[in-house]
Amino acid sequence: MTRRRRKAARGHRAQKAGLPPGTPIYTGVEAGRPIRISVLDYDAEAVSLHEDVRPEDLARFRDSGRTSWISVDGVHDVALVQKIAETFGLHPLVVEDIVNVGQRPKCDNYGDYVFIVSRNLSLDAETGEIATEQVAFVLGKGWLITFEEHQPTLFGAIASRIAQGQAQARQKSVDYLLYRLLDTIVDNYFVITEQLGIKLEELEDRVVANPGRGTIESVLSMKRALIEMRRSVWPMREVISWLERGESPLLRADTRIYFRDIYDHTIQLIDMLENLRDLVGTVHELYLNAVNLRLSEVMKALTLISTIFMPITFIASVGGMNVLFPGKEQLSGWYGALGLMGAAALGMFLWFRTRRWL
């Protein structure tokens, strides 16, 4: 979620204050397009793709005897989401969490189905800002519903492989499909983390070479990006841990080992993020030290210039007094004063060089 979306979401969340639990209110940015529903219904022998499906036509995929992946593109139409929920018997609290798109990643067991909330992240290459959107999953017996906040692009490759018969998911149960989708989200975390690492190395070189105002803005932007990453990855570890323990009959024993692999990946991601966070702190301190060093160099130069001009100012002040002394009213006295000023300045300069202050 970008800054604009976060600001709009805060306004929408304020509308929820005082409402009874289970009241669905969309808290994201209104989209100017209708919600699209597509269904990928498959087994080991055949696959069928249904696009622009109406909510009232989804009932036949609930007990089709095959694996049904129901993809819902957009959650801004609350009434339509409620129709889908009624078809599959989802609890009102689940509907509320689906349309409240600022949810923390979590996993809830409702007996007949499992509800999961995750965050999909993307990195703006120009600004370095992390955009986040909610992706919700509802896992039932033989069916899986995915609710994506915006235009789905992350799972397109998996859908294409299933449709072409090239995916291992065709041979396995629906919980394996859930694993594949969650694994794709976590793999995307790795891509973004590596991109942040590369940007941080470039930022470190910029701090050393030219610690300007734009540099500190980049450092702060990097801090915000890592905080956003941490908010998504840390709770995701708890979600994967619950799935790996298999505390629902919908999660088969032969699939839990795959969730264990994702759990290992989340631990690795957390280690990488902690290292990057430490490195950002180091870069910030390096920036402050570079700025202080530059300020010290400026102050040193100004101090040396002032010190060199001190004897010159003294000689000029004495020579300008209204007191007669030999040579004051003669041209030779003026040249003598200039020579004395030059000698004093040169002497101070040579002394600074001998002390290695210049």
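The values are calculated or read from the model by the stated rules, or taken from the named source; none is laboratory data. Note that this is a predicted model, so its numbers are computed, not measured. FYI the Cβ positions are ideal-geometry reconstructions off the backbone, even for glycines, and counts take in every protein chain you see.
Below, the figures for the structure above:
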item: Residue in region 244-260 that is within 18 Å of the chain's Cα centre (by Cα) and either surrounded by fewer than 13 Cβ atoms within 10 Å (Cβ to Cβ) or modelled with pLDDT of 90 or more (or both) present; result: no
item: Positions within region 99-123 being among the charged types (D, E, K, R) and in contact (Cβ under 8 Å) with a residue 60 or more places away in the chain, in sequence order; result: 104, 106, 119
item: Region 220-243, residues that are among the β-branched types (Val, Ile, Thr) and surrounded by 16 or more Cβ atoms within 10 Å (Cβ to Cβ); result: 233, 239, 240
item: Residue check for residue 165: on the phi > 0 side of the Ramachandran plot and surrounded by fewer than 18 Cβ atoms within 10 Å (Cβ to Cβ); result: yes
item: Conditions (1) hydroxyl-bearing (Ser, Thr, Tyr); (2) at pLDDT 80 or above; (3) farther than 30 Å from residue 181 by Cβ; number of the one not met by residue 263; result: (3)
item: Filtered residues of region 231-260 (kept if touching a residue at least 24 places away in the same chain (Cβ under 8 Å), in contact with an Asp or Glu (Cβ under 8 Å, 6 or more places away or on another chain) and in a helix (DSSP H, G or I)); result: 255, 258, 259
item: Qualifying residue in region 129-139 (condition: under 25 Å from the mean Cα position of the chain (by Cα), of a type in the set (Ser, Thr, Tyr) and within 21 Å of residue 180 (Cα to Cα)); result: yes
item: Looking only at region 204-219, and only at residues there that are in contact (Cβ under 8 Å) with a residue 60 or more places away in the chain and assigned to a helix (DSSP H, G or I), the one that is surrounded by the fewest Cβ atoms within 10 Å (Cβ to Cβ); result: 208
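The rows are residues; the columns are (1) in contact with a helix residue (DSSP H, G or I) (Cβ under 8 Å, 6 or more places away or on another chain); (2) more than 24 Å from residue 173 (Cα to Cα); (3) buried (at least 17 other Cβ atoms within 10 Å of the Cβ).
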residue: 51; (1), (2), (3): no, no, no
residue: 54; (1), (2), (3): no, yes, no
residue: 61; (1), (2), (3): no, no, yes
residue: 70; (1), (2), (3): yes, no, yes
residue: 74; (1), (2), (3): no, yes, yes
residue: 89; (1), (2), (3): no, no, no
residue: 97; (1), (2), (3): no, yes, yes
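To keep it simple, each residue is scored yes or no on (1) of a type outside the set (Asp, Glu); (2) surrounded by 14 or more Cβ atoms within 10 Å (Cβ to Cβ); (3) at pLDDT below 75.
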position	(1), (2), (3)
286	yes, yes, no
290	yes, yes, no
297	no, no, no
308	yes, yes, no
321	yes, no, yes
